[in-house]
Amino acid sequence: MMLNKQLWSEVQYGDYVDHIERTETNPLVRKSARYVSVEHLKTGNLKINSWIDEEMPTFFRTFRKGQILFGKRRAYQRKVAFADFDGICSPHIWALEARNGLMQQFLPYVMLTEQFYEYVNANSAGTMSPYLKWPQLSKYTFLLPPLDEQVRLVDLFQGIEQSIIRMQEQETNLKALQKALSNGLANKKPVFGNLLSEKHCQSYSFGDICDCIEKHDKTPLENDLTCFIGLENIESENFTLQGFGNIEDGTTFTKRFSKGDVLFGKRRAYLKKVAVADLDGICSSDILVFRAKTKTMLPELLPYYASSDAFVNHAVSTSAGSLSPRTKWRDLAGFELSVPDLKIQEKIVDVFHQLSESLTLIKNQKQTLKTLKQKLLNEILGG
């Protein structure tokens, strides 16, 4: 894209952007309004996908369709969104309007550059919950292209965003298919396309297809173990561990697990925290360690059974406690299911592997597009 930066003007943010402070006190309007908090603005996503329909007593500031919403508390979180409906927002959000030849659609991209957030972070006040004030933000300077180049740049970035959305839709569809197949396996009369029929299956309890490992190690560092896993490292409906802790930094965990084991969150089982260990380590006592009995269950297939709705619902229904309900292995072990023979399991695993590879490819492509967008934002608009 050919851009003539010699025609760009250095301008101050406050000369081209207004923050609109209108309030709504009419009870009838407030009763039917959509309420948006900082939590509803997602980093890197210009679309508002969620809100609250119930009245929020501390929210009075209105916003209008077309305005830009910006989270001024903890502004380093980069929460910027384009409002596509009217509503009422948190006092920690600014509703912004462009003027003086700055396109409204162009404004969010000015606010997504590294340069913008370096300035924002340097000029926010407070430590625990840093807060950006308008007099400081209004003094931010940036290069403003002529209107025709703003139009071209908006088309460029929106084109990348549409590609990311399409990738996200493909990812969502594949995950839904994966989940449907997983749920079909765990039915009392299991289904999996044309691969399964009742003659291929045998009735088992969950305890027949896997063991729950209760091996503990109070000196893990001496046994070459360096990592520990807590429930915070397991993401809902994602078999990949989300990081780990370092044992040498200190931990009270002692339960051992090995690479390939299935880690199941027994506390608040409705969160559906199931992961496959890609390393050896120790974990929280709130994690059950499942290991497939290879005479009846392929290890690669076990996580799909453990994450199925039927199994998770069983875990929830057998949990005890009100604030932090937990299930127990003895209750999970009795869960009944029909399991195909190992040859059929191999074919099923092949299908799941193909789905997993497709999901990985889409995720990588989506991340590549996100990285490209940020790179272009920084190079073109970052000064």
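A few points about this structure:
- Maximal additional length on extending the Thr219-Gln202 stretch stands at 2.0 nm, based on 0.36 nm per residue less the C-alpha distance.
- The Cβ shell under 10 Å around Glu214 holds other residues with a net charge of +2, Lys and Arg each +1, Asp and Glu each -1.
- Computed from the C-beta positions of Asp148 and Lys42, the FRET efficiency with R₀ = 41 Å rounds to 0.85.
- Sequence-distant lysines (8 or more away, or on other chains) whose Cα lies within less than 23 Å of Lys255: Lys215, Lys218, Lys266, Lys272, Lys273, Lys293, Lys328
- Net lengthening on full extension, Val29/Thr254 (0.36 nm per residue, minus Cα-Cα): 75.4 nm
- Beta bridges assigned by DSSP with both partners in region 41-143 are antiparallel in approximately 90 percent of cases.
- Gained length - Lys343 relative to Gln158, 0.36 nm times residue gap less alpha-carbon distance: 61.8 nm
- Peptides 64-74, 181-191 ordered by packing proxy, namely the average of other Cβ atoms within 10 Å per residue, highest first: 64-74, 181-191.
- Cβ-based net charge around Ala269, under 14 Å, with every Lys or Arg adding one and every Asp or Glu removing one: +3
- Residue of Phe253, Phe192, Phe85 that the Gaussian network model of the chain assigns the largest fluctuation, springs spanning Cα pairs under 10 Å: Phe85
- Neighbours of Glu169 by Cβ distance under 14 Å: Lys/Arg scored +1, Asp/Glu scored -1, total +3.
- Student exercise, the chain dipole from Lys, Arg, Asp, Glu Cβ charges, in Debye to nearest 20: 640 debye
- Here region 113-128 is scanned for amide nitrogen atoms under 18 Å from the site 7 Å beyond the Cα of Lys139 along Cα-to-Cβ, giving 116-126.
- Computed from point charges on the beta carbon alone (+1 for Lys and Arg, -1 for Asp and Glu), the dipole magnitude for region 9-144 about its Cα centre is near 180 Debye.
- Cα convex hull of region 288-383, projected area averaged across orientations, nm²: 10.3 nm²
Just so you know, all these numbers are worked out from the coordinates, no wet-lab data involved. These numbers come from a predicted model, not from an experiment. No Cβ is skipped: glycine too gets one built from the backbone with ideal geometry, and neighbour counts run over all protein chains shown.
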